[in-house]
């Protein structure tokens, strides 16, 4: 274990890790992990996705070049593997988001702050999802119900707010880690703040760290 | 008391006023909401994520019950109006009768919506796990969908495709993290010649084995036309 070797090399390890954690591949991996673990949709990482796409394109060109120039197939397959991993990560990141959008379309659509986290293609996707789902529910069920009970979002005209919109369970625990430095959290039910050192894994309520995800805290 | 615990439906409790005479509200047939509950139970009893046949008959019966509830509700309100009572403030048997019919109707609506909505979610899932085109879905799945559900599948797939073309990425491949860029597969069906993968034509005769790029093979595997050979 690094701690046993002495202070010097621990610091070096930390530096190395800090450096590694700033590569786009690592950043995308972190964004992907956060998105997978968070019950809500998070901010779309537009610049990061753009860079990842450009890098993938570059890697594709490199692999193609190597293949054509008759380079050692083993070396080419290593590059190919790296490329495949990058592609999987990017695809999976976008996919996880789309699946959340499918699940909570009505909820995300009516919440301004969530809505602002989406990319333009995602917004268009949600819009279409809602139109399609509404049409489907209306044709199958709602159009056959009595007049006052035909809303997709409300039980009846008497309902004062939307009471039929599926919502994510936000009152839930998640595992998280401090990103770089020491983080102190105020917990609702305890007088002492929870102090998280880097690499410490803690189980806390999603609500408590919600606004720190991707900045001070990452999900695992 | 009737309660349904499915998360999408939410716990709905209909507690009839004990002083109320039952025959006034239910015309002596079946208890309110019994059919709706059966509809939702049908969803829950199936294997998770497994579609069952669209239960057109039961769905329509529940819809019919909704209309009956509504008629009873209206006639009770009319009766109160004829008696010169204020519906907002009077708390007599007719008021509670109307209320029960209203609550039953809402509960039935939630059951109907939960049934259709949950199936729609499974249909969304098909687009991810099986394929975006209706013909890609196996016969056994297709025959379980209602006509409207097939339409929904097509429209939803089109929305997904439109997103994919905007971001210029096919998200329907690479569903599991890659271990090896190449995998060994066996062809399960006679795909014949003329299929081009990675710019190379190959003869995919039934039972033949190939060493393919994972991304090339995945669409065939998910449609059950090839299987991955492991170990």
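The values are calculated or read from the model by the stated rules, or taken from the named source; none is laboratory data. Quick caveat, the model's predicted, so the values are computed rather than measured. Cβ placement follows ideal geometry from the backbone for every residue including glycine, while neighbour counts extend to all protein chains displayed.
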Among the residues of the stretch B:147-165, which ones are facing chain A (nearest Cβ under 7 Å) and either under 25 Å from residue B:59 (Cα atoms) or modelled with pLDDT under 95 (or both)?
B:148, B:152, B:155, B:156
State yes or no: is residue B:118 in a helix (DSSP H, G or I), under 30 Å from residue B:173 (Cα atoms) and either in contact with a strand residue (DSSP E or B) (Cβ under 9 Å, 6 or more places away or on another chain) or in contact (Cβ under 8 Å) with a residue 12 or more places away in the chain (or both)?
yes
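Would you mind stating whether residue B:177 is surrounded by fewer than 16 Cβ atoms within 10 Å (Cβ to Cβ) and facing chain A (nearest Cβ under 10 Å)?
Numbers: surrounded by fewer than 16 Cβ atoms within 10 Å (Cβ to Cβ): yes; facing chain A (nearest Cβ under 10 Å): yes.
Considered against the rule, which asks whether it is surrounded by fewer than 16 Cβ atoms within 10 Å (Cβ to Cβ) and facing chain A (nearest Cβ under 10 Å), residue B:177 comes out as yes.
Given the structure, is residue A:38 modelled with pLDDT of 85 or more, in contact with a strand residue (DSSP E or B) (Cβ under 7 Å, 6 or more places away or on another chain) and buried (at least 19 other Cβ atoms within 10 Å of the Cβ)? Spell out how you get there, then give the answer.
On the way: modelled with pLDDT of 85 or more: yes; in contact with a strand residue (DSSP E or B) (Cβ under 7 Å, 6 or more places away or on another chain): yes; buried (at least 19 other Cβ atoms within 10 Å of the Cβ): yes.
Spelling it out, residue A:38 is indeed modelled with pLDDT of 85 or more, in contact with a strand residue (DSSP E or B) (Cβ under 7 Å, 6 or more places away or on another chain) and buried (at least 19 other Cβ atoms within 10 Å of the Cβ).
Given the options B:109, B:64, B:79, name the one that is modelled with pLDDT of 90 or more, assigned to a helix (DSSP H, G or I) and either more than 12 Å from chain A (Cβ to nearest Cβ) or closer than 30 Å to residue B:161 by Cβ (or both). Don't jump to the end; show me each part of the working.
Values: B:109 fails: either more than 12 Å from chain A (Cβ to nearest Cβ) or closer than 30 Å to residue B:161 by Cβ (or both); B:64 fails: either more than 12 Å from chain A (Cβ to nearest Cβ) or closer than 30 Å to residue B:161 by Cβ (or both).
Checking each option against the conditions leaves just B:79.
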If a residue has to be modelled with pLDDT of 80 or more, assigned to a loop (DSSP other than H, G, I, E, B) and touching a strand residue (DSSP E or B) at 6+ places or on another chain (Cβ under 7 Å) to count, how many in the stretch B:178-224 make the cut?
5
Given the conditions (1) touching a residue at least 40 places away in the same chain (Cβ under 8 Å); (2) more than 10 Å from chain B (Cβ to nearest Cβ), which single one is not true for residue A:52?
(1)
Looking at the stretch B:169-194, I want the residues that are on the phi > 0 side of the Ramachandran plot and have a partner that is surrounded by 13 or more Cβ atoms within 10 Å (Cβ to Cβ) and at pLDDT 80 or above with Cβ atoms under 8 Å, at least 6 apart or on another chain. Which pairs are those?
B:174/A:84; B:174/A:87; B:174/A:88; B:174/A:91; B:174/A:92; B:174/B:218; B:192/B:204
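Do the conditions hold for residue B:74, that is, is it within 11 Å of another protein chain (Cβ to nearest Cβ), farther than 22 Å from residue B:41 by Cβ and modelled with pLDDT under 95? Break it down stepwise before answering.
On the way: within 11 Å of another protein chain (Cβ to nearest Cβ): yes; farther than 22 Å from residue B:41 by Cβ: yes; modelled with pLDDT under 95: yes.
Judged against the criteria, residue B:74 is a match.
Can you go through A:89, A:58 and tell me which one is more than 9 Å from chain B (Cβ to nearest Cβ) and out of contact with any strand residue (DSSP E or B) (no Cβ under 9 Å at 6 or more places or on another chain)?
Working: A:89 fails: more than 9 Å from chain B (Cβ to nearest Cβ).
That would be A:58, the only listed residue that is more than 9 Å from chain B (Cβ to nearest Cβ) and out of contact with any strand residue (DSSP E or B) (no Cβ under 9 Å at 6 or more places or on another chain).
Take residue A:114 and decide whether it is outside any strand (DSSP E or B), within 30 Å of residue A:196 (Cβ to Cβ) and not assigned by TED's automatic domain parsing to the domain that holds residue A:196.
Details: outside any strand (DSSP E or B): yes; within 30 Å of residue A:196 (Cβ to Cβ): yes; not assigned by TED's automatic domain parsing to the domain that holds residue A:196: yes.
So residue A:114 passes the test.
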Among the residues of the stretch A:163-220, which ones are assigned to a loop (DSSP other than H, G, I, E, B) and modelled with pLDDT of 90 or more?
A:163, A:164, A:165, A:166, A:167, A:168, A:169, A:170, A:171, A:172
Given the condition over 30 Å from residue A:122 (Cβ atoms), free of Cβ contacts under 8 Å to residues at least 12 places away in the same chain and either in the same structural domain as residue A:180 (by TED's automatic domain parsing) or out of contact with any strand residue (DSSP E or B) (no Cβ under 7 Å at 6 or more places or on another chain) (or both), answer yes or no: does some residue in the stretch A:17-35 qualify?
yes
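Have a look at B:94, B:86, B:56 and point out the one that is more than 14 Å from chain A (Cβ to nearest Cβ) and surrounded by fewer than 17 Cβ atoms within 10 Å (Cβ to Cβ).
Values: B:94 fails: surrounded by fewer than 17 Cβ atoms within 10 Å (Cβ to Cβ); B:56 fails: more than 14 Å from chain A (Cβ to nearest Cβ).
Checking each option against the conditions leaves just B:86.
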What is the residue count in the stretch A:52-81 for residues that are within 26 Å of residue A:119 (Cβ to Cβ) and surrounded by 15 or more Cβ atoms within 10 Å (Cβ to Cβ)?
6
From the options A:96, A:76, A:63, residue that is touching a residue at least 40 places away in the same chain (Cβ under 8 Å), within 11 Å of another protein chain (Cβ to nearest Cβ) and either closer than 20 Å to residue B:156 by Cα or assigned to a helix (DSSP H, G or I) (or both)
A:96
Qualifying positions in the stretch A:159-215 - surrounded by 17 or more Cβ atoms within 10 Å (Cβ to Cβ), out of contact with any strand residue (DSSP E or B) (no Cβ under 9 Å at 6 or more places or on another chain) and free of Cβ contacts under 8 Å to residues at least 40 places away in the same chain
A:164
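Within the stretch A:36-47, count every residue that is away from chain B (no Cβ under 14 Å) and in a helix (DSSP H, G or I). Steps first, answer last, please.
Step one: list which residues in the stretch A:36-47 are away from chain B (no Cβ under 14 Å), which gives A:37-38, A:40-43, A:47.
Adding the requirement that they be in a helix (DSSP H, G or I) leaves A:37, A:47.
Total meeting the criteria: 2.
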Mind checking which pairs have a first residue in the stretch B:132-146 that is farther than 14 Å from residue B:122 by Cβ and within 14 Å of chain A (Cβ to nearest Cβ) and a second that is crowded, with 17+ Cβ neighbours inside 10 Å and modelled with pLDDT of 95 or more, Cβ under 6 Å, 6 or more apart or different chains?
B:132/B:157
